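Encoded as structure tokens, the structure appears first; notes follow it.
The values are calculated or read from the model by the stated rules, or taken from the named source; none is laboratory data. Note that the structure is predicted; figures quoted are calculated from it, not measured. When we count neighbours, we look across all protein chains shown, and the Cβ atoms used for this are built from the backbone with ideal geometry, even at glycine. Side chains are part of the model used for accessible areas, which takes the heavy atoms of the whole protein and leaves out ligands, DNA and RNA. Shrake-Rupley method; radii C 1.70, N 1.55, O 1.52, S 1.80 Å.
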Amino acid sequence: MPHSWTRQHLLDLQSLSADELVVLLDTARHFKQVGERSIKKVPALRGKTIVNLFVEPSTRTRISFELAGLRLSADIINFSAESSSFKKGESLKDTALNLEALNADFIVIRHGASGAPHFLSRFLKAHVVNAGDGAHEHPTQGLLDAFTIREKKGRIEGLNVTILGDILYSRVARSNIWALQKLGANVTLCGPPSLVPKIFEEIGCRVVWNMEEALRDADVINLLRIQHERQRATMFPSIGEYAGLFGLNQSRRHLVKPDALIMHPGPINRGVEIDNTFADGAQSVILQQVTNGLAIRMAVLFLLGGGRREEIAAAV
Ligand code: CP
């Protein structure tokens, strides 16, 4: 197992090893404890500057990265695309180079184009962190989901994890698939065939198109919203029909194991992919995922910034 983190950027989970994933999850466990103290701030990134370059909307991820940076004592700049010179035609490359010229040490980027963080990593010296790129990956979401499963179930290896919904357009699904499979979970994907193509079997997932098969043995059920903003065609007849066929609602309660975790990355479309009784019920860990996201993002920034796992005790 590596003793320190050697990567410059966090661009995806596909390229990380199981050992690297475990280092991240273990590091986040320490930072979760920091969040439970009366004084929640540590000096690990004092003097460093983090720019949150969000070119797509976000509630959870942007605020979580901002708070993670603040808790690590970094200076934070929140870049708003709407009020920036993007509006005057400035390119992503020029924008990023200008941010680096202002001594940004980290650029956390969310962008609608798959590969935008990888593109920046080719010419920036700053650490690039992918906060969601198109339908490609959302690595910190995959990590916080894995963290939450491990925290609640005590393990990931051997668990049956069902990811339900719009898999085709979901960066969350892809990051979950890479992380959970490397850590030994059995991943089932379910939704309409137009949104859950068989091709996912080629990367080791089980693909099913009916809810009974998807739910019956699931230890974890991770629900995804329909990514209307990314769909280029009508992928199913109506929202009502989707909710009837693939929504997690009371008519399917008997299919859900009593100890199954109910997860959702947010934002939730209540009454579509999940009803209130599941979203707010005792099995739901949806808000705990948000809390854990903060610890994960602190761990990511800490390790990218050169922090060593052995130094965490002193750092926190
Ligand atoms: N889960 C997630 O990425 O939520 P936001 O789009 O609100 O950041």
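General observations
- Scanning the range 268-289 for residues that are in a loop (DSSP other than H, G, I, E, B) and in contact with a helix residue (DSSP H, G or I) (Cβ under 8 Å, 6 or more places away or on another chain) yields 268, 271, 272, 273, 275, 285.
- Yes/no for residue 265 being within 16 Å of the ligand (Cβ to nearest atom) and outside any helix (DSSP H, G or I): yes
- Members of the range 18-66 that are outside any loop (DSSP other than H, G, I, E, B) and touching a strand residue (DSSP E or B) at 6+ places or on another chain (Cβ under 7 Å): 49, 50, 51, 52, 53, 54, 61, 62, 65, 66
For every residue, the table says whether it meets (1) within 13 Å of the ligand (Cβ to nearest atom); (2) assigned by TED's automatic domain parsing to the domain that holds residue 26; (3) open to solvent by 50 Å² or more (accessible area, probe 1.4 Å); (4) over 30 Å from residue 49 (Cα atoms).
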| site | (1), (2), (3), (4) |
| --- | --- |
| 113 | no, yes, no, no |
| 144 | yes, no, no, no |
| 150 | no, no, yes, yes |
| 167 | no, no, no, yes |
| 172 | yes, no, no, no |
| 175 | yes, no, no, no |
| 192 | no, no, no, yes |
| 196 | no, no, no, yes |
| 219 | no, no, no, yes |
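- Residue list for the range 207-247, restricted to those being at pLDDT 95 or above, among the charged types (D, E, K, R) and over 21 Å from the mean Cα position of the chain (by Cα): 212, 213, 216, 217
- Residue match in the range 153-162 (condition: within 16 Å of the ligand (Cβ to nearest atom), within 17 Å of residue 225 (Cβ to Cβ) and over 14 Å from the mean Cα position of the chain (by Cα)): no
- Scope the range 37-66; condition under 17 Å from residue 144 (Cα atoms) and either of a type in the set (S, T, N, Q) or more than 16 Å from the chain's Cα centre (by Cα) (or both); matching residues: 58, 59, 61, 64
- Restricting attention to the range 29-77, the residues that are within 13 Å of the ligand (Cβ to nearest atom) and open to solvent by 40 Å² or more (accessible area, probe 1.4 Å) add up to 8.
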